[in-house]
Structures are given as structure tokens and as C-alpha cells.
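A.B. asks: Have a look at the structure that comes next, please.
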Amino acid sequence: MDSVDVTTEPISVDHLTQLVSSPKCGAISMFLGTTRDNFQGKNVIQLEYEAYEPMARKEMQKICAEIREQWSVENIAIVHRIGVVPVMEASVAILVSSPHRSESLAAVEYGINKLKATVPIWKKELYDDGTCSWKQNSECCHVSNKHANTS
Amino acid sequence: MDSVDVTTEPISVDHLTQLVSSPKCGAISMFLGTTRDNFQGKNVIQLEYEAYEPMARKEMQKICAEIREQWSVENIAIVHRIGVVPVMEASVAILVSSPHRSESLAAVEYGINKLKATVPIWKKELYDDGTCSWKQNSECCHVSNKHANTS
Amino acid sequence: MGELVKITVLFFAKSRELVGNKSSELEVKSDVRPTDLLQSIISKHNSLQILSGSLLLSINEDYVDINSEEIVSLKSGDTVAVIPPISGG
Amino acid sequence: MGELVKITVLFFAKSRELVGNKSSELEVKSDVRPTDLLQSIISKHNSLQILSGSLLLSINEDYVDINSEEIVSLKSGDTVAVIPPISGG
């Protein structure tokens with residue numbers, strides 16, 4: 001089962017764990033991206049995410065398909081929260097279940113790397129000095145040579 | 001913070017996620033080992049785990065220290081459930097938070113591999129034909145050349 | 001070079017802020033190189049100029065290769081999105 | 001080879017089932033090679049013989065290298081555990 005979602009709701013790790021659980025599986029691996037309170041010395045108050053929702057879901061589905069081409073996995077869940085995400089809360093979750101552990105571990109790592117490179121979602125950091133900044137993933141597929149703000 | 005535990009209680013993924021969360025971190029990685037319903041064609045009804053508890057905690061603490069020698073991580077939680085663990089439920093959880101994602105991903109993989117090799121915990125599989133079997137991790141540090149039952 | 005078609009253009013993140021709108025309508029040639037399509041959009045929305053080197057495009061929710069010399073075919077009602085550098089995760 | 005000391009021996013998993021007990025008391029020489037300590041335990045608990053090639057030992061919750069020729073020192077009250085192949089995870 002592939003489950004992808006873009007939502008304004010907080011991410012529930014328990015819910016997602018149950019969603020990918022399977023009696024055929026001995027392993028569930030997860031990656032959670034959480035909001036940090038700092039970036040290059042500046043204090044981050046909150047992050048705000050914006051998505052091109054239908055295309056983001058489509059790109060997430062492609063990642064699921066790519067994972068299945070490479071590894072024998074059972075269930076995949078990819079969720080990205082949009083809107084305001086306060087410090088310490090999760091913006092993204094990727095969970096993969098598999099009969100044996102090496103597959104789900106590798107698939108989760110592939111999934112988050114690929115998501116940062118291809119899924120059309122944008123993050124704006126708001127700092128405590130009142131400024132804000134649209135970020136850019138170093139992994140992203142853009143042609144630009146601009147200085148990348150990695151996270 | 002390092003948190004290690006051996007418990008008969010079900011593992012709460014939400015609780016552990018909160019435990020390792022930190023405002024300094026952008027990443028939480030997790031590995032969950034769950035009970036499979038089959039092993040080499042036999043139907044598994046349940047698993048039962050037994051631990052040498054004080055030594056298991058000590059070995060888990062060593063794994064935390066080894067992780068910190070290799071990667072810059074913030075919080076580590078390692079929990080193993082003992083007693084009966086029904087199919088689909090988690091027997092082990094390893095969670096690591098880190099400022100950036102590559103560290104927590106690598107640390108979790110290292111942690112589960114090391115746990116399977118060194119932490120004195122034993123698993124007995126009960127099959128639907130009434131038989132049962134003590135398992136042996138292929139990773140375990142024993143001198144034996146016996147055929148390993150990997151999971 | 002074909003007829004003129006009316007497409008919807010979507011803007012996100014910094015490009016949305018610069019344009020001041022989430023979307024606009026645009027008449028373009030039905031057969032264009034991706035880079036020329038982007039130039040048509042920037043010509044209409046000059047504020048995007050400062051991002052021009054870092055913008056990608058999608059057509060109906062699929063990325064197009066902005067550096068490709070291959071002609072893409074558009075029809076009326078198609079949706080093109082202006083995609084600044086992404087930062088999900 | 002030193003005096004005799006009284007240690008506690010713990011059994012787990014298959015070794016516990018074979019011995020039929022979680023622990024026993026044993027008098028052993030205070031200075032022994034690990035492999036001789038294991039042999040002393042197996043001599044007292046013959047049922048462990050079938051596991052002998054795959055057993056490890058810990059002393060006071062630390063693994064000892066069962067193949068080492070180095071003498072380990074035991075004192076009364078020490079806890080030795082018989083550790084069959086592990087299978088946590």
C-alpha cells in the first residue's frame with residue numbers, strides 16, 4: 001500500500017505506524033523532519049510550508065514507485081504538513097515497512113532525499129528579528145547556481 | 001540524552017518521538033522491529049522475549065556511547081519489549097534525533113545492527129503446529145558456527 | 001509555430017509573492033520551447049526577472065526540462081506552474 | 001591457582017530451560033581461564049553440553065572473551081551468566 005498526503009494537520013506518528021504495519025513485516029523504518037529553532041545563528045520562530053498540492057502528491061507517488069523498483073517493501077507512507085509548523089513539530093514523515101530491516105532503512109533514506117529534490121513544497125523561515133526567508137534545498141533539481149540554504 | 005529501557009509494556013511510538021524531540025534538531029529517525037506472522041513457511045502465533053535485564057541495559061548504554069563517538073546526535077532512545085509480543089506489535093524501537101538527517105539515519109541503522117549482535121535478549125517463536133524455537137541472530141557475537149536463524 | 005492557446009499559470013512561494021497572485025491567464029503559442037514559455041511568463045510578470053535563473057516549470061503537474069530544445073505542445077486549459085527552488089522536508 | 005570462591009550462575013533462554021533453573025550457586029577457583037570456567041559450569045549442569053560450542057559468559061554483566069587465554073579473577077558474590085546465542089531485535 002502506498003499512502004501519500006499533504007495536510008495542514010499535525011503528523012501523528014502512532015497513526016502512521018499503524019498504517020504501514022503488516023503481519024508480513026519484521027521492520028518499520030521512519031524518518032521525521034522537525035522544525036529547528038535555529039539557522040546559521042538566527043533564531044527561528046516558526047516555519048511555514050506551501051505546496052503545489054496535486055503535483056506534490058503526484059511526485060510523492062513517483063517516489064513510492066521508485067522505492068518499489070529498488071527494494072522489496074510492503075507499505076509506504078509519505079506525509080508532508082503544510083501551513084505553520086511550530087518548532088519541534090514534524091513537517092514531514094516517511095515510513096516504510098518491510099519483511100527484513102535493510103530494505104526499509106534504505107527506502108526511507110532514499111525517500112527523504114528524493115522528496116527534498118523533487119516534491120514541489122516550499123518552506124519559509126520566520127526569525128525572531130522579524131525577517132523571513134524562503135529556503136532552498138541543496139538537493140533540489142533546479143538549474144540555479146545560487147547559494148543553497150541547506151537544511 | 002540517552003534513554004534505554006527493557007519493559008513488558010507495549011512500545012509507544014508517539015511517546016518515544018516526544019522523548020527524543022529537541023528544538024535543536026531537524027531530524028528524527030526511527031527503527032521498529034515488529035513481529036512477523038511467518039518464518040520459513042511456518043506460521044508464527046507469537047514471540048516471547050527474555051532479557052538479562054541489567055546487562056541488556058548496560059549493553060544498550062554502550063551502543064548509545066558508540067553512536068555518540070561516530071555521529072553528532074542529540075537524543076537517543078532504545079527500548080526492547082520483553083514477554084509476549086503479538087504479531088504486528090513492536091519488540092524493539094530505536095530513535096535518534098540530530099540537527100541534520102544523515103546522522104540520525106546512520107545512527108539508527110548502526111544501533112539496530114549492534115543491538116542484534118550484543119544485547120543479551122532472546123526470542124522464542126511459537127508456531128501454529130504447537131512447536132516453538134529459540135532463535136539466533138546472524139549478527140550475534142557468539143563463537144558458534146551453527147546455522148543461524150536470521151530475522 | 002501553431003495557434004495561440006490560453007493557459008493558466010500558477011505561482012508559488014517567492015514567485016507568488018513577487019507576482020502578487022496565485023495564478024493568471026496567459027495566451028501563448030501552442031508549440032514552444034520550455035525556455036521560451038518561461039520567457040513569455042516573465043515578460044508578462046516582470047517581477048519574476050530576479051528569479052529567472054532558478055525557475056522551473058511544470059505542465060499539468062509534470063516537470064518539464066527547462067534546458068531542453070524540444071518543443072512542447074500546449075492546448076487551451078493547460079496548467080503551467082512556475083516553480084522556484086523547492087525546500088520541502 | 002588461588003582459593004575457591006562462591007559465585008552465582010545465571011541461565012537464560014534455552015540454557016535456562018535445559019538446566020531447569022534461573023540460577024545456581026557454584027564454587028570455582030578464583031583465577032581461571034574463561035573456557036575453564038564454562039567447563040566447570042557445564043560439568044555441574046550436564047544438560048548444557050549440547051549448547052557448549054555456542055555459549056558465551058558474562059561476569060558481573062560484562063562479556064568475557066571465551067577464547068581468551070587470559071586468566072580472569074573471580075571473588076565471592078560475583079555473578080556469572082551463561083549466554084546462549086542472542087536473538088533480540
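The values are calculated or read from the model by the stated rules, or taken from the named source; none is laboratory data. Computed from a predicted structure; not experimentally measured. Positions of Cβ are backbone-derived with ideal geometry, glycine not excepted, and every protein chain shown enters the neighbour counts. Quick note on the areas: whole protein, heavy atoms, side chains included, nothing else; ligands and nucleic acids left out. Shrake-Rupley method; radii C 1.70, N 1.55, O 1.52, S 1.80 Å.
A.B. asks: Between copies, how far apart are the residue A:130 label points? List them in nm, one decimal, shortest first, with each point 7 Å from Cα toward Cβ, please?
C.D. replies: Computed spacing set for this position: 8.0 nm.
A.B. asks: Something else now. Shortest first, in nm, what separates the label point of residue D:17 from those of the same position in the other copies (7 Å along Cα→Cβ)?
C.D. replies: The answer, with the shortest distance listed first, is 6.5 nm.
A.B. asks: Rounded to the nearest 100 Å², what's the accessible area chains B and D bury against each other, both chains counted, probe 1.4 Å?
C.D. replies: In total, chains B and D hide about 2500 Å² from solvent.
A.B. asks: On the accessible surface of region B:2-135, probed at 1.4 Å, how many percent belong to carbon and sulfur atoms?
C.D. replies: Accessible surface attributable to carbon and sulfur in region B:2-135 totals 49 percent.
A.B. asks: Enter the accessible area per residue of chain B (Å², integer; probe 1.4 Å; all protein chains in place).
C.D. replies: Value returned for chain B: 38 Å² of accessible area per residue.
A.B. asks: Which percent of Cα pairs goes in each bin when the distances of region D:46-87 are cut into 10 angstrom slices starting at zero?
C.D. replies: In order of increasing distance, the bins hold 25, 52, 23, 0 percent.
A.B. asks: With N residues in chain D, what two-decimal value do you get for its Cα radius of gyration over 2.2 N^0.38 Å?
C.D. replies: 1.00
A.B. asks: Here's something else I'd like to know. Say a label goes 7 Å from Cα toward Cβ at residue B:68 in every copy; what distances in nm does this one have to the rest, shortest first?
C.D. replies: 4.3
A.B. asks: Dividing the Cα convex hull volume of region B:27-77 by residue count, how many Å³ per residue is that?
C.D. replies: Enclosed volume per residue, from the Cα hull, is 127 Å³.
A.B. asks: Moving on to the next point. To the nearest 100 Å², how much accessible surface do chains B and A cover up together, summed over both, with a 1.4 Å probe?
C.D. replies: 2900 Å²
A.B. asks: Once the cut-off is 38 Å, how many percent of the Cα-Cα pairs in the protein assembly as shown end up in the long-distance tail?
C.D. replies: Result: 39 percent of Cα pairs exceed 38 Å.
A.B. asks: Turning to a different aspect of this structure: Would you tally the net charge around residue B:21, using a Cβ to Cβ cut-off of less than 13 Å, leaving residue B:21 out, and scoring K and R as +1, D and E as -1?
C.D. replies: Cβ neighbours under 13 Å give a net charge of -2.
A.B. asks: Then there is this: What are the ³J(HN,Hα) values, in whole Hz, obtained from phi via the Karplus relation 6.51 cos²θ - 1.76 cosθ + 1.60 with θ = phi - 60°, for each residue of region C:72-89 in sequence order, with x given for Gly and Pro?
C.D. replies: The phi angles translate into 9, 9, 10, 10, 4, x, 5, 10, 10, 10, 8, 10, x, x, 7, 8, x, x Hz.
A.B. asks: Just which residues of region B:14-53 lose 40 Å² or more accessible area with every protein chain there, against their chain alone, with the probe set to 1.4 Å?
C.D. replies: B:14, B:23, B:26, B:28, B:30, B:31, B:32, B:34, B:36, B:50, B:52
A.B. asks: Grab the residue from chain D whose Cβ hugs the D-to-C rotation axis most tightly, plus its distance in whole angstrom.
C.D. replies: Residue nearest the D-to-C axis, with distance in whole Å: D:89, 15.
A.B. asks: From the C-alpha coordinates alone, can you work out the Kirkwood hydrodynamic radius of chain B, in Å?
C.D. replies: Value: 16.0 Å, from the Cα pair sum.
A.B. asks: Still on this structure, please answer the following. Using helices alone, what [θ] at 222 nm do you get for the protein assembly as shown, with -39,500 (n - 2.57) per DSSP H run of 4 or more residues, divided over all residues and rounded to the nearest 500?
C.D. replies: That comes out to -8000 deg cm²/dmol.
A.B. asks: Report relative contact order for region C:4-83 in percent, whole number only (criteria: Cα-Cα under 8 Å, sequence separation at least 6).
C.D. replies: Once divided by the residue count of region C:4-83, the mean separation gives 43 percent.
A.B. asks: Leaving out ligands and nucleic acids, and using a 1.4 Å probe, what accessible area per residue does region D:4-83 come to in Å²?
C.D. replies: 47 Å²
A.B. asks: Cα to Cα, under 18 Å, and not fewer than 8 places away if on the same chain: which lysines meet these conditions relative to residue B:123?
C.D. replies: In chain and number order, the partners are A:24, B:42, B:114, B:135, B:146, D:14, D:22.
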